[in-house]
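Q: A single structure is presented below for examination.
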Amino acid sequence: MDKVFMGTRKFHEGRRWGLLGDLGELFVNKETFDVYACPVCGSVEFFVDGIGEHLRPQ
């Protein structure tokens with residue numbers, strides 16, 4: 001069965017900045033991934049957003 005596109009998600013490295021809030025987020029490395037999941041078994045695949053999109057499952 002084909003994987004289903006679940007959307008584009010942002011992930012970041014590091015910790016939460018507490019009192020600095022959104023200002024602290026400026027110093028955190030963030031990556032954006034397109035997420036695909038199998039509706040039968042729940043396995044998940046991540047793809048870098050904007051690279052090789054024409055090769056991905058439809």
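The values are calculated or read from the model by the stated rules, or taken from the named source; none is laboratory data. None of the values given here were measured: they were computed from a predicted structure. Please note: Cβ atoms are built from the backbone with ideal geometry, for glycine as well, and neighbour counts cover all protein chains shown.
Q: Kindly indicate the residue of region 23-53 that is surrounded by fewer than 11 Cβ atoms within 10 Å (Cβ to Cβ), of a type in the set (A, V, I, L, M) and more than 15 Å from ASP2 (Cα to Cα) and also modelled with the highest pLDDT among those meeting that condition.
A: By that ranking, first place goes to ILE51.
Q: Which condition number does ARG56 fail, the rest of (1) at pLDDT below 85; (2) under 10 Å from the mean Cα position of the chain (by Cα) being met?
A: It is condition (2) that ARG56 fails.
Q: While we're on this one: Would you mind telling me which numbered condition in (1) modelled with pLDDT of 85 or more; (2) in a strand (DSSP E or B); (3) of a type outside the set (Asp, Glu) PHE11 fails?
A: Tallying (1) modelled with pLDDT of 85 or more; (2) in a strand (DSSP E or B); (3) of a type outside the set (Asp, Glu), PHE11 fails exactly one: (1).
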